[in-house]
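Read through the structure below, which is laid out as structure tokens, and then see the notes.
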Amino acid sequence: MKLTIKPENILEAIALNSRKELQPFLLGMLGMGVSQVLVTAIGMNVFDALQDNPKTAAELAIQMDCDPHGMQVLLESLDGFGFLKRQGQHYQLTQDSARWLTKSGGLIYDFLRLGGDISHQLVLLEKDIRTGEVPNFHFNPQSATCFANYYTMLKSSGQQSAPNILKWAKLNPPPKRLLDVAGGPAEYSIAFCQKYPNLKADILDLPNAIQAGLPQIEQAGLGDRIQYIEGNLLETDWGNNYDVVFLSNILHCLTAEQCEIALNQAFQALHSGGTVLINDLFHPGEQGKLSSPISLFSLIYYVTCGGRIWPQPTILDWLTKTGFHQIRISKYRLALFVSAQKP
């Protein structure tokens with residue numbers, strides 16, 4: 001998948017073919033505009049406000065207590081970019097916008113709710129590259145709503161991917177003790193406990209994650225089987241004698257040095273024969289072709305955490321150096337699943 005400029009008529013096609021410099025110019029300018037307009041509209045709940053019936057800019061401005069002139073420009077941009085349809089002065093949702101860009105849109109909607117915080121960090125990209133000093137937003141939230149939006153996104157992500165990682169893992173014998181590192185709102189621990197009736201799970205995470213996850217655990221009726229260990233994964237003792245240590249979307253939030261520390265901690269926390277499970281995004285390494293989504297996500301993890309999507313060969317090398325063996329890998333869509341055992 002690559003971003004591109006697609007002409008809508010014969011004249012635009014001729015212009016693009018005759019003036020090749022228009023491609024990078026339009027791609028850059030339209031990319032900036034589409035991103036900011038979409039993130040702003042979702043942040044202001046514009047799509048949800050249009051879900052029941054079409055509205056004019058003036059009506060939306062009154063409803064949202066904002067400037068009617070600015071709202072008019074925003075709606076025209078959304079129409080021009082294909083996210084809304086205009087009929088006279090009224091604007092209505094497209095079918096795709098109604099499905100993905102309202103609160104019912106699941107992971108896509110929840111991820112884009114984080115767009116404002118991500119945009120603020122992307123502005124600092126040059127500074128980050130020049131200095132190499134990138135604050136990790138897990139410890140330095142960018143806004144008052146950052147953590148709330150982040151953990152809502154993690155919940156959606158966990159609900160979507162937990163069945164796949166559980167099916168793939170093929171844990172045998174059934175585990176009795178699980179350490180879910182930075183398990184956030186507990187979706188994975190809940191899924192593991194629901195699959196394995198004799199399993200008890202510990203979730204190591206920060207205070208904000210605990211507040212987000214406790215209601216989910218109680219709602220699932222698993223308060224007696226899932227507990228939190230409050231702490232920073234880089235500083236807190238992980239404990240020992242676990243059957244499984246689960247690292248889901250953790251490594252891309254860490255630097256290379258921190259990844260090696262985390263994997264060594266996982267090794268120490270497992271009993272002999274225990275399994276580390278890794279769920280992350282797939283980067284093929286130097287010999288493979290990078291897709292646009294992976295490139296984008298890697299950029300986002302860099303500016304928000306100082307990490308990146310680590311290449312599969314690098315992760316496998318870290319596991320081998322740490323002492324793990326019987327390493328098994330699989331690529332599922334954009335995800336990378338890895339299991340390895342402690343001798």
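The values are calculated or read from the model by the stated rules, or taken from the named source; none is laboratory data. This structure is a prediction, so every number in the text was calculated from the model and none was measured. Neighbour counts run over all protein chains shown; Cβ positions are idealised from the backbone, glycine included. Note: areas computed on protein heavy atoms with side chains; ligands, DNA, RNA excluded. Shrake-Rupley method; radii C 1.70, N 1.55, O 1.52, S 1.80 Å.
Within the range 50-61, can you find the residues that are farther than 14 Å from ARG99 by Cα and open to solvent by 10 Å² or more (accessible area, probe 1.4 Å)? If the condition is that a residue be farther than 14 Å from ARG99 by Cα and open to solvent by 10 Å² or more (accessible area, probe 1.4 Å), then ASN53, PRO54, LYS55, THR56, ALA58, GLU59 are the ones that fit. Kindly evaluate ASN240 against the criterion of being farther than 24 Å from LEU319 by Cβ, open to solvent by 50 Å² or more (accessible area, probe 1.4 Å) and part of a loop (DSSP other than H, G, I, E, B). Considered against the rule, which asks whether it is farther than 24 Å from LEU319 by Cβ, open to solvent by 50 Å² or more (accessible area, probe 1.4 Å) and part of a loop (DSSP other than H, G, I, E, B), ASN240 comes out as no.
Among the residues of the range 215-233, those identified as assigned to a loop (DSSP other than H, G, I, E, B) and touching a Leu at 6+ places or on another chain (Cβ under 8 Å) are ARG225, GLY231, ASN232, LEU233.
With (1) part of a helix (DSSP H, G or I); (2) buried (at least 19 other Cβ atoms within 10 Å of the Cβ); (3) in contact with a strand residue (DSSP E or B) (Cβ under 8 Å, 6 or more places away or on another chain) as the list, and ALA212 as the residue in question, which single condition is left unmet? Here ALA212 meets the rest and fails (3). Residues that are aliphatic (A, V, I, L, M), farther than 25 Å from GLN326 by Cα and touching a residue at least 60 places away in the same chain (Cβ under 8 Å) occur at least once in the range 193-215.
Determine whether GLY285 is assigned to a strand (DSSP E or B), of a type in the set (Gly, Ala, Ser) and out of contact with any Gly (no Cβ under 6 Å at 6 or more places or on another chain). Can you show your working first?
Details: assigned to a strand (DSSP E or B): no; of a type in the set (Gly, Ala, Ser): yes; out of contact with any Gly (no Cβ under 6 Å at 6 or more places or on another chain): yes.
Taking the combined requirement at face value, the residue does not satisfy it.
For the range 65-81, filtering for residues that are surrounded by fewer than 18 Cβ atoms within 10 Å (Cβ to Cβ) and at pLDDT 95 or above leaves 10. Looking only at the range 136-176, which residues are more than 30 Å from HIS120 (Cα to Cα) and surrounded by 19 or more Cβ atoms within 10 Å (Cβ to Cβ)? Those that are more than 30 Å from HIS120 (Cα to Cα) and surrounded by 19 or more Cβ atoms within 10 Å (Cβ to Cβ): ALA162, ILE165, ALA169, PRO175.
Go through the range 315-330 residue by residue and tally those that are at negative phi and touching a helix residue (DSSP H, G or I) at 6+ places or on another chain (Cβ under 8 Å).
Residues meeting the conditions: 9.
State which residue is nearest to ASP180 (Cα to Cα) when the search covers only the range 274-291 and only residues that are of a type in the set (S, T, N, Q) and open to solvent by 30 Å² or more (accessible area, probe 1.4 Å).
In this case the residue turns out to be SER291.
The condition of being open to solvent by 20 Å² or more (accessible area, probe 1.4 Å), touching a residue at least 40 places away in the same chain (Cβ under 8 Å) and in a helix (DSSP H, G or I) holds for only one of SER97, SER119, that being SER119.
With (1) free of Cβ contacts under 8 Å to residues at least 12 places away in the same chain; (2) not in a helix (DSSP H, G or I) as the list, and ARG130 as the residue in question, which single condition is left unmet? For ARG130, the failing item is (2). Looking only at the range 193-209, filter to residues that are touching a helix residue (DSSP H, G or I) at 6+ places or on another chain (Cβ under 6 Å) and open to solvent by less than 70 Å² (accessible area, probe 1.4 Å); which one of those is nearest to TYR151 (Cα to Cα)? Across the range 193-209, the extreme among qualifying residues is ILE203. With respect to LEU316, determine if the residue is free of Cβ contacts under 8 Å to residues at least 40 places away in the same chain and either hydrophobic (A, V, I, L, M, F, W, C) or assigned to a helix (DSSP H, G or I) (or both). Judged against the criteria, LEU316 is a match. Residue count for the range 168-192 satisfying the condition of being without any contact (Cβ under 8 Å) to a residue 60 or more places away in the chain, of a type in the set (D, E, K, R) and within 25 Å of ASP110 (Cα to Cα): 1. Taking (1) in contact (Cβ under 8 Å) with a residue 24 or more places away in the chain; (2) outside any helix (DSSP H, G or I); (3) over 12 Å from the mean Cα position of the chain (by Cα) in turn, ASP280 satisfies each apart from (3). In the range 177-192, which residue that is open to solvent by 10 Å² or more (accessible area, probe 1.4 Å) and part of a helix (DSSP H, G or I) is farthest from LEU233 (Cα to Cα)? Across the range 177-192, the extreme among qualifying residues is ALA191.
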